[in-house]
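For reference, the structure discussed in these notes is given below.
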Amino acid sequence: MSRQWHTSEAQAARYADGSLPEADAWSLEKHLESCAGCASRVSAAVRATAAGPVLADVRSAVLASAVREVPVSRSARLLWAAGPAVRGAWSAALLVVAGAALLLGQFRGAPDVRTLLLALAPVVPVAGVALSYGPHADPLYELAASTPGGGLRLVLTRTAAVLA
């Protein structure tokens with residue numbers, strides 16, 4: 001039987017100012033994924049630091065831009081500019097899928113090809129996502145990999161989002 005714990009005001013303040021030990025901070029971050037009360041407590045503590053006004057400005061700017069209607073052509077340009085990791089992976093994926101379709105068309109009568117396709121099909125999207133967000137393509141790779149929810153779990157979550 002596991003016991004649910006919650007963060008105190010003092011622990012939230014130590015997390016917000018960066019003085020909470022690293023292992024405790026990781027544990028708290030993992031806990032915040034499933035506890036809205038503690039997430040609110042930590043959020044309030046962060047807003048009380050010097051970063052609070054900056055975060056408020058960023059939040060206002062994001063909310064203001066979300067309210068405005070963005071033309072399709074402009075949003076397409078924003079997506080292209082915002083996702084440099086996705087551009088190369090998307091082009092490569094398009095070529096791989098087209099090449100695989102041509103190859104499978106040539107060998108459609110061979111029974112081993114179907115078995116190979118069924119074995120590799122579930123792995124291909126995971127590999128594509130892992131390459132798209134790897135250390136060579138994602139400027140925030142180290143940050144994402146160091147979080148408690150990083151690693152294989154993050155790759156599988158991103159893959160599920162891509163497939164959805």
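The values are calculated or read from the model by the stated rules, or taken from the named source; none is laboratory data. The model shown is predicted, which means the values in this text are computed figures rather than measured ones. Please note: Cβ atoms are built from the backbone with ideal geometry, for glycine as well, and neighbour counts cover all protein chains shown.
A single entry from 4, 11 fulfils the requirement of being out of contact with any Phe, Trp or Tyr (no Cβ under 6 Å at 6 or more places or on another chain), modelled with pLDDT of 90 or more and farther than 18 Å from residue 146 by Cβ: 11. The residue pairs whose first member lies in region 38-57 and is closer than 12 Å to residue 15 by Cβ and in contact (Cβ under 8 Å) with a residue 24 or more places away in the chain, whose second member is part of a loop (DSSP other than H, G, I, E, B) and of a type in the set (S, T, N, Q), and whose beta carbons are closer than 7 Å, counting only pairs six or more residues apart or on different chains, are 38/7; 41/7; 42/7. Taking the conditions (1) outside any helix (DSSP H, G or I); (2) under 17 Å from residue 148 (Cα atoms) in turn, residue 23 satisfies each one other than (1). Of all residues in region 1-18, which are over 16 Å from residue 143 (Cβ atoms) and either surrounded by fewer than 10 Cβ atoms within 10 Å (Cβ to Cβ) or among the hydrophobic types (A, V, I, L, M, F, W, C) (or both)? Passing the criteria: 1, 2, 3, 4, 5, 10, 12, 13, 16. Summed over region 109-128, the residues that are over 20 Å from the mean Cα position of the chain (by Cα) and part of a helix (DSSP H, G or I) give a count of 10.
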